[in-house]
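The structure that follows is given in the form of structure tokens.
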Amino acid sequence: MAAALEAAWPDVALDGAVVTPYGHAVPTRRIQVIEAAHPVPDANSERAADRMLALVRDLGPYDLVIALISGGGSALLAKPAPGLTLAGKQAVTAALLASGATIHEMNAVRKHLSAIKGGRLALAAQPARVLTLAISDIPGDDPRIIASGPTLTDTSTLDDVRAILTRYAIRLPHDVAAFLEHAPETPKPGDFDEDVRLIATPDAALAAVAQRARDFALNPIVLGVLEGESSELGASMARVALDTRKRPAVLISGGETVVTLGSAPAGRGGRNLEFLLALAVALDGAPGIWAIAGDTDGRDGYEDAAGAFVTPDTPARARALGLDPHAMLEKHDSYTFFEALGDLLITGPTLTNVNALRAVILA
């Protein structure tokens with residue numbers, strides 16, 4: 001996005017900074033690229049936030065701030081609110097990632113623990129005009145949720161945050177617990193003017209996949225942007241596939257599922273990998289059904305794979321290698337399962353994030 005902006009405005013005086021995951025940088029001439037950790041922030045996440053806040057200070061009413069926002073920004077752009085530590089934010093983020101909380105719930109918490117999210121970057125830029133160009137990875141495409149909305153007002157409240165933390169039994173570090181007792185609210189609608197444009201969305205990606213399916217003479221059935229527990233969605237998608245396989249088609253869906261780890265030790269995996277393993281277990285070698293799922297940015301959670309493939313002989317090949325799909329699903333060890341089969345989908349960074357895409361082909 002930063003490189004495209006530079007290319008579009010070669011003769012306009014501009015400078016700036018963007019933050020992206022490690023290994024996802026591209027060459028730019030005038031915009032500084034900072035790499036940081038995802039999905040749990042690190043020191044470079046805080047450094048990026050400090051740099052952006054510094055860039056927008058002391059602007060005037062005739063200055064223009066262009067905010068290039070996409071999914072992943074909640075972790076990549078992380079400056080703790082005054083009184084909090086980065087370690088505290090890291091602990092809360094890691095606990096939420098393991099809890100099964102939705103992206104809407106996670107980002108409500110992140111906004112209220114931040115010095116830059118939930119509209120605070122836009123507040124720092126006043127009186128300059130702020131234009132937000134966003135790539136959505138959020139079901140429903142609410143731009144206030146994407147990257148926790150650093151340039152947009154917030155509709156969630158501290159009461160919402162306390163309820164979320166209680167619902168998922170999140171153990172809070174002492175500084176976070178003390179902060180939430182008297183934390184200030186985030187900026188609310190009406191506090192400042194907002195100008196936001198969505199330039200890519202999950203629904204647009206699904207439409208493009210559907211058209212590609214038609215190019216291959218497959219009947220696309222678009223199920224939409226779905227949420228829920230990864231393993232449960234995999235099992236339910238298998239039932240839909242088995243009920244639909246009488247005619248050639250491809251079941252297409254997107255959206256961000258969750259993996260609830262619980263207290264037992266977990267293996268390696270991600271949302272898409274767990275979905276696919278659950279799908280393979282439920283299909284149990286049913287003929288004529290293939291599947292692919294992957295995160296559009298090229299990384300499924302912490303792993304280097306975007307996702308993986310499932311084929312009709314996946315269970316048989318697994319058994320030949322001595323793998324137990326049911327046991328590995330219980331241990332959330334889907335990466336190890338597909339790695340052993342040689343069926344990981346490894347694309348490298350794609351530099352675009354509209355969340356996950358899933359396709360189940362019925363031949």
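Tell me, which strands (runs of 3 or more DSSP E) lie completely within region 14-91 with 3 or more residues that are of a type outside the set (A, V, I, L, M) and in contact (Cβ under 8 Å) with a residue 40 or more places away in the chain? Walk me through how you get there before you give the answer.
Numbers: elements: 16-21, 31-36, 64-70.
Where strands (runs of 3 or more DSSP E) fall fully within region 14-91 and carry at least 3 residues being of a type outside the set (A, V, I, L, M) and in contact (Cβ under 8 Å) with a residue 40 or more places away in the chain, they are 16-21.
What's the number of the only condition in (1) under 17 Å from W290 (Cβ atoms); (2) modelled with pLDDT of 90 or more that R247 fails to meet?
It is condition (2) that R247 fails.
Does any residue of region 85-103 turn out to be charged (D, E, K, R), at pLDDT 95 or above and farther than 19 Å from N355 by Cβ?
Initially, region 85-103 is screened for residues charged (D, E, K, R), giving 89.
Then keep just the ones that are at pLDDT 95 or above; that gives none.
No, region 85-103 has no match at all.
Can you confirm whether region 74-88 contains a residue that is out of contact with any Phe, Trp or Tyr (no Cβ under 8 Å at 6 or more places or on another chain), among the basic types (K, R) and within 29 Å of A178 (Cβ to Cβ)?
yes
Step by step: first the residues of region 350-363, then only those that are over 11 Å from D295 (Cβ atoms) and within 23 Å of the chain's Cα centre (by Cα), then the one that is surrounded by the fewest Cβ atoms within 10 Å (Cβ to Cβ). Which residue is that? Let's see the steps before the verdict.
From region 350-363, those over 11 Å from D295 (Cβ atoms) are 351, 359-363; that's our starting set.
Of the ones still in play, those that are also within 23 Å of the chain's Cα centre (by Cα) are 351, 359-360.
Working: L351: 16, A359: 21, V360: 27.
For region 350-363, the residue satisfying everything is L351.
How about region 125-146: which of its residues are surrounded by 21 or more Cβ atoms within 10 Å (Cβ to Cβ) and either among the β-branched types (V, I, T) or closer than 17 Å to R51 by Cα (or both)?
Selection gives A125, V130, T132, I135, I138, I145, I146.
Still on this structure, please answer the following. Can you find a residue in region 57-69 that is under 30 Å from A177 (Cα atoms), among the hydrophobic types (A, V, I, L, M, F, W, C), out of contact with any Ser or Thr (no Cβ under 6 Å at 6 or more places or on another chain) and surrounded by fewer than 17 Cβ atoms within 10 Å (Cβ to Cβ)?
no
Scanning region 98-122 for residues that are in contact with a Pro (Cβ under 6 Å, 6 or more places away or on another chain) and of a type in the set (A, V, I, L, M, F, W, C), which turns out nearest to A4 (Cα to Cα)?
Filtering region 98-122 for residues in contact with a Pro (Cβ under 6 Å, 6 or more places away or on another chain) gives 116-117, 119, 121.
Subset that is of a type in the set (A, V, I, L, M, F, W, C): 116, 121.
Values: I116: 24, L121: 22 Å.
Among those that are in contact with a Pro (Cβ under 6 Å, 6 or more places away or on another chain) and of a type in the set (A, V, I, L, M, F, W, C), it is L121.
Kindly establish whether D297 is among the acidic types (D, E), under 30 Å from A134 (Cα atoms) and either assigned by TED's automatic domain parsing to the domain that holds A98 or surrounded by fewer than 19 Cβ atoms within 10 Å (Cβ to Cβ) (or both). Spell out the reasoning first.
Working: among the acidic types (D, E): yes; under 30 Å from A134 (Cα atoms): yes; either assigned by TED's automatic domain parsing to the domain that holds A98 or surrounded by fewer than 19 Cβ atoms within 10 Å (Cβ to Cβ) (or both): no.
It is false that D297 is among the acidic types (D, E), under 30 Å from A134 (Cα atoms) and either assigned by TED's automatic domain parsing to the domain that holds A98 or surrounded by fewer than 19 Cβ atoms within 10 Å (Cβ to Cβ) (or both).
Out of the residues in region 175-231 meeting the condition of being in a helix (DSSP H, G or I) and without any contact (Cβ under 8 Å) to a residue 12 or more places away in the chain, tell me which one is surrounded by the most Cβ atoms within 10 Å (Cβ to Cβ).
First pass over region 175-231, keeping only residues in a helix (DSSP H, G or I): 175-181, 202-215, 230-231.
From what's left, without any contact (Cβ under 8 Å) to a residue 12 or more places away in the chain: 177, 181, 208, 211-212, 214-215.
Values: A177: 12, E181: 8, A208: 12, Q211: 10, R212: 14, R214: 11, D215: 7.
Per the criteria, the residue is R212.
Another question, if that's okay. Go through region 205-218 residue by residue and tally those that are at pLDDT below 95 and polar (S, T, N, Q).
0
Separate question: Taking the stated definitions as given, is R51 surrounded by fewer than 19 Cβ atoms within 10 Å (Cβ to Cβ), at pLDDT 90 or above, under 24 Å from H174 (Cα atoms) and not hydrophobic (A, V, I, L, M, F, W, C)? Outline the logic, then answer.
Working: surrounded by fewer than 19 Cβ atoms within 10 Å (Cβ to Cβ): yes; at pLDDT 90 or above: yes; under 24 Å from H174 (Cα atoms): no; not hydrophobic (A, V, I, L, M, F, W, C): yes.
In short, no.
The values are calculated or read from the model by the stated rules, or taken from the named source; none is laboratory data. Just so it is clear, the model here is predicted, and its values are computed rather than measured. Ideal geometry is used to build each Cβ from the backbone, glycine not excepted, and the neighbour counts take in all protein chains shown.
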